[in-house]
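All remarks here apply to the structure that follows.
The values are calculated or read from the model by the stated rules, or taken from the named source; none is laboratory data. All values derive from a computational prediction rather than experimental measurement. Glycine gets a Cβ as well: all are built from the backbone with ideal geometry, and neighbour counts include every protein chain shown.
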Amino acid sequence: MGFRRPDWLAELQGLVTAALVLLAGIVVFNIVTLADGGVVVAQVPADAVTGVGGATGGLRDGAVVDGDVEVLVAEPTPRQLVTYHLTRLPTFAVAGAVLALLWTALRRARRGDPFSAGTVQRLRLIGWVALVGGILAQLVQMIASLELTSQVTADGRLSATQDLGTTGLFLLVGFGFFAIAEILRRGLALRTELESVI
């Protein structure tokens, strides 16, 4: 009895399909929550909330509340709901676009010659979507965070934190796809050169 040799393109395509389904479920849940009202959670500076910044109650000596605290808005306005979802959905949109493009690239590679100019172009496109889309998504989310904090603080204070981890991940993914596209391009050029010699 022999083991089935794995088709890693098919395995990855199945994994990407599962990720797309999960991501679609998350987005649908967020949209339903938006339509239903739901709650809004905003991160505001601790010193913007009276009695919180510098508070020591329940903490050990020398420890104080500082930085950002989460503020729950139980009955948000429609504007607050939309702004809140703009602090999260752009990243999901870019991730979905990258996964969908990867899925189509894998399907084309499985059905035809994976070492083609079309595959190289598709991988470069994925790289650009991850790189530019990821940075733009983080920018939109930061602006939405600024807007949301101004809507929930009495003095209209602006505050937002940049998620450097997610930005770095998008950069890594983008440059990773550029590198893989370049490897395939060079392999394609070598194959063309060898075919012309033979």
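So the values come out like this:
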quantity: Qualifying positions in the stretch 40-90 - part of a loop (DSSP other than H, G, I, E, B) and under 22 Å from the mean Cα position of the chain (by Cα); calculated: THR87, ARG88
quantity: Hey, ALA160 assigned to a helix (DSSP H, G or I) and either modelled with pLDDT under 95 or of a type in the set (Gly, Ala, Ser) (or both) or not; calculated: no
quantity: Qualifying residue in the stretch 9-26 (condition: in a loop (DSSP other than H, G, I, E, B) and free of Cβ contacts under 8 Å to residues at least 40 places away in the same chain); calculated: no
quantity: In the stretch 34-68, the residues that are over 20 Å from THR149 (Cα atoms) and of a type outside the set (A, V, I, L, M, F, W, C); calculated: ASP36, THR56, GLY57, GLY58, ARG60, ASP61, GLY62
quantity: The one condition in (1) in contact with a strand residue (DSSP E or B) (Cβ under 7 Å, 6 or more places away or on another chain); (2) assigned to a helix (DSSP H, G or I) that ARG122 fails to fulfil; calculated: (1)
quantity: Those residues of the stretch 99-116 which are at pLDDT 90 or above and aliphatic (A, V, I, L, M), in sequence order; calculated: LEU99, ALA100, LEU101, LEU102, ALA105, LEU106
quantity: The stretch 180-193, subset of a type in the set (Gly, Ala, Ser) and surrounded by 12 or more Cβ atoms within 10 Å (Cβ to Cβ), residue farthest from ALA105 (Cα to Cα); calculated: GLY187
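So that you can scan it fast, the table gives a plain yes or no per residue for (1) free of Cβ contacts under 8 Å to residues at least 60 places away in the same chain; (2) surrounded by fewer than 18 Cβ atoms within 10 Å (Cβ to Cβ); (3) touching a strand residue (DSSP E or B) at 6+ places or on another chain (Cβ under 7 Å):
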position: LEU139; (1), (2), (3): yes, yes, no
position: LEU148; (1), (2), (3): no, no, yes
position: THR153; (1), (2), (3): no, yes, yes
position: LEU158; (1), (2), (3): yes, yes, no
position: GLY168; (1), (2), (3): yes, yes, no
position: PHE178; (1), (2), (3): yes, yes, no
